1. For residues in the stretch 39-66 being among the β-branched types (V, I, T) and at pLDDT below 85, which is surrounded by the fewest Cβ atoms within 10 Å (Cβ to Cβ)?
2. Inspect the stretch 73-80 for any residue being touching a Phe, Trp or Tyr at 6+ places or on another chain (Cβ under 9 Å), modelled with pLDDT of 90 or more and over 23 Å from G256 (Cα atoms) and give the result as yes or no.
3. Would you pick out the residues in the stretch 226-279 that are at positive phi, modelled with pLDDT under 95 and of a type outside the set (S, T, N, Q)?
4. Read through the list (1) under 22 Å from the mean Cα position of the chain (by Cα); (2) more than 26 Å from D206 (Cα to Cα), then give the number of the only condition that I233 fails.
5. The conditions are (1) modelled with pLDDT under 95; (2) in a loop (DSSP other than H, G, I, E, B); (3) of a type in the set (D, E), and D304 fails exactly one of them. Which is it?
6. Considering the stretch 263-276 alone, what residues qualify as being surrounded by 23 or more Cβ atoms within 10 Å (Cβ to Cβ) and in a loop (DSSP other than H, G, I, E, B)?
7. Scan the stretch 1-27 for residues that are out of contact with any Asp or Glu (no Cβ under 7 Å at 6 or more places or on another chain), touching a residue at least 60 places away in the same chain (Cβ under 8 Å), assigned to a loop (DSSP other than H, G, I, E, B) and not hydrophobic (A, V, I, L, M, F, W, C) and jot them down.
8. Could you figure out which of (1) under 19 Å from H235 (Cα atoms); (2) in contact (Cβ under 8 Å) with a residue 40 or more places away in the chain; (3) surrounded by fewer than 15 Cβ atoms within 10 Å (Cβ to Cβ) isn't true of E416?
Amino acid sequence: MGLDDLLKGVQTVAIICNQWGDTGKGKFSDYFASQWADVTARGTGGNNAGHTVVINRKEKIFHLIPTGITNDPNGKFTVLGNGMAIDLSVLSHELDELDADGITYNNLLISKDAHVIMPYHINRDKAKHQSQKKGGIGSTGRGIGPCYTDKIARRGIVIEDLFDRDRLSRKINEIRREYSEQKIYCDEIIDLLVPFAERIKYFVRDTVSEMHRFIKDGKKILLEGAQGLLLSIEHGTYPYVTSSDCSLNGTASGVGLSAKLIDLPLGIVKFPFMTRVGAGPFPTELGGRNSESYCAEEGHIKLDELKEYGIPHQTTEGGFRYNRNDPKIVDMVNSEDEFIQGIGIRLAAEEYGSTTGRPRRTGWTDGVAAKYSVGINGTHLVLTKPDSLSGAKEFKIAYSYKKGSKITDTFSRSEEFLRNVTPQYQSYQGYGDIKGVRSYNQLPSNLRQAISDFESFTGGNVVVVSVGSDREETVVR
């Protein structure tokens, strides 16, 4: 089946994550936006997301604006929906970057109802939640949580408020008592926001009405999810979650659509390993609690690990370049020490946060969690990152948990449950380089067997397999 067959009769596609985020949604949002969509829309989260795309071998990271913006010169629309939390300075910076790259954004639409991340939100987030020490959840410190808190408490600032100074002043003054630990100077904040507001004024719309018009006009619509289902405030491993509902339902309502209108929800699954950033239970984590503590500490970003494990590297404008198949990394991937193996996989797959630079915790793909996600986000699956483990002698997939003397294949959001289960694995023989593969039947037989077993267990249907970071390195089944 080719892309045309997959998209036959489809008007709306949603790219969503079935794990803890960082699964490669950016690549597929870019892929479908460039190949198919007329409209790309995002409806959840803020600049705590980092969607990376590779275009002509050049990496670009978006934090707020959907990746479909790169197709603006072709007359395609990009929407920041009502469910988002927007940091105006970050948005302005992304517009600056688009200007520098010669990418137009004439068809950008920003919801008048999206909430604004204020300076006092960021201050509180950094003080209370950014660190994983003393019970902190390890948030990105971008102010998203406090912004959504104000939204739920019905005291938030929305984009539309920015253009009425009296109303904005009144709302900021009313909220000051909720942030008594800070000195909030209303006029200073407004003077800071005004230039950003003027810059985006042309693009502000009632985007819900616009989305309904796009549907009526037969436009092909792509919804770009943020974070992942297991981080959803509604369905994730609470309290170690983000502040928005990044399920299919939340992604749709965040742009003003019913989930029933989504013809093809595509759940992204990192396979055969997965990752998590920040604190929280992770049953299949390589190295267990030692890895969680290690990744929470300062001094373990990419450069630190390259130096510590003697991996040759060069400094570049965008960061650090190294051979991900370096023999030392391959040896670590195949280490009998699970903690070292986890670091090896992180280096082999470059699993470091695109927003924070933090090391992502690594472990084998959890089929039990994936089955849970399929039940909420739908059966169509996209597998990413199998090319990263081309040097592994074997890989494993968890299909059940053991707790005490009992075996279960049912997922629970409970921290107590997830902290006290032992994953039960099925092992598979490793495989070689698959970056050049463009047909599903050309994938190694042992990888195809693992995919077949994964489908049978989860009830999912794998329709796309990513074999590299570039948009062309994609196998449509």
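1. I55
2. No, the stretch 73-80 contains no residue that is touching a Phe, Trp or Tyr at 6+ places or on another chain (Cβ under 9 Å), modelled with pLDDT of 90 or more and over 23 Å from G256 (Cα atoms).
3. If the condition is that a residue be at positive phi, modelled with pLDDT under 95 and of a type outside the set (S, T, N, Q), then G278 is the only one that fits.
4. The one condition I233 does not meet is (2).
5. For D304, the exception is condition (2).
6. Passing the criteria: F271, P272.
7. G2, G9, N18, Q19, G21, D22, T23, G24 - these are the residues of the stretch 1-27 that are out of contact with any Asp or Glu (no Cβ under 7 Å at 6 or more places or on another chain), touching a residue at least 60 places away in the same chain (Cβ under 8 Å), assigned to a loop (DSSP other than H, G, I, E, B) and not hydrophobic (A, V, I, L, M, F, W, C).
8. (2)
The values are calculated or read from the model by the stated rules, or taken from the named source; none is laboratory data. Because the structure is a prediction, the values reported are computed rather than measured. No Cβ is skipped: glycine too gets one built from the backbone with ideal geometry, and neighbour counts run over all protein chains shown.
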